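Trainee: My questions will all concern the structure given below.
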Amino acid sequence: MLTVRFARLLLLAALAVLPTLSHALACKEGGRNGNVLITEDIGTTVAVPVTENTGVPIWHSSQRTVNVHCYKDNNVREAEEVYFYPNPRPKQGQPQGVQFGVVYKGQAYYQTERIPTGFSIPQCPSNVSLDKCPAVSFTLSFQVEIATKKPYPGNGQVGINQFEVLQFDGKYGINNAPNSNLVYKVTGLDKIRFIQCAVKVWLNPPNNTLD
């Protein structure tokens, strides 16, 4: 009797874990065996005066055009829309003084909610095995943008060097399986500095050259 009860407890525990695993959509760049990470460094030092208002863009990535391939890595047969999920790793540490946005189809999104890409993975017929469900491939372009966000850190530093900005995923949330979904990560955040003053120079006449 104890053995049967123990087996039932194990089964219940396994079922409790399943929703976090089964409601997952896999999306990669270029195919099922494709790339799962886009990394971009911000490049040179960015100086931000502490007098700057919140929401002022201070950096944007190059225009990224990616070929995304999504397939069902779950037990869900219904059609699913593909989204950008901002901040897919909330425990990675939060940067100070900045916020991250996605520029898609000419619109900048600074929010914590998911952003629809406009592409969907089709429904999987009931007579098809899960590993044979239809997949979807599409090409889209986007940019990542960094903007100011008060309060600014007193030590003048963002506090972290890298940040996973977004992940491509389905409507049931983040797929946390390793190497399963395409992620965009920005690095070099230690090059952002918050300075106490800004200097503006006016030339008179305007066409003079400042040495």
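Trainee: Could you compute the net charge surrounding PHE119? Neighbours are other residues with a C-beta less than 11 Å from the C-beta of PHE119; K and R count +1, D and E count -1. Working shown, then result.
Mentor: Details: positive: none; negative: GLU80, GLU81.
For residues surrounding PHE119, the net value is -2.
Trainee: Rounded to the nearest 0.05, what FRET efficiency do PHE138 and GLN196 have when you use their Cβ-Cβ distance and R0 = 35 Å? Mind dumping the intermediate values first?
Mentor: Working: r = 47 Å, r/R0 = 1.33.
After rounding, the FRET efficiency stands at 0.15.
Trainee: Taking square-rooted eigenvalues a ≥ b ≥ c of the alpha carbon gyration tensor, is segment 17-152 rounded, prolate or oblate, where a/c under 1.5 means rounded and, failing that, a/b exceeding b/c means prolate?
Mentor: Here segment 17-152 falls in the prolate category.
Trainee: Separate question: What pairs in LYS149/LYS191; LYS72/LYS171; LYS72/LYS105; LYS91/LYS185 have C-alpha atoms more than 23 Å from each other?
Mentor: LYS72/LYS105
Trainee: Rounded to whole Hz and in sequence order, give me ³J(HN,Hα) for segment 60-68 from the Karplus expression 6.51 cos²θ - 1.76 cosθ + 1.60, θ = phi - 60°, writing x for Gly and Pro.
Mentor: Ordered by residue, 3J(HN,Hα) equals 9, 6, 5, 5, 9, 10, 10, 9, 9 Hz.
Trainee: Report the gain in length on full extension from ARG64 to GLN107: 0.36 nm times residue separation, minus Cα-Cα distance, nm rounded to one decimal. Display every interim value, and only then the final one.
Mentor: Working: separation 43, 0.36 × 43 = 15.48 nm, distance 1.48 nm.
The ARG64-GLN107 span can extend by a further 14.0 nm.
Trainee: For segment 23-97, count all C-alpha to C-alpha pairs, find those more than 15 Å apart, and express that count as a whole percent of the total.
Mentor: 73 percent
Read-outs throughout are calculated quantities, based only on the coordinates presented, and are distinct from any laboratory measurement. Remember, it's a predicted structure, so these values are computed and weren't measured experimentally. So basically every Cβ, Gly included, is an ideal-geometry build from the backbone, and we count neighbours across all protein chains shown.
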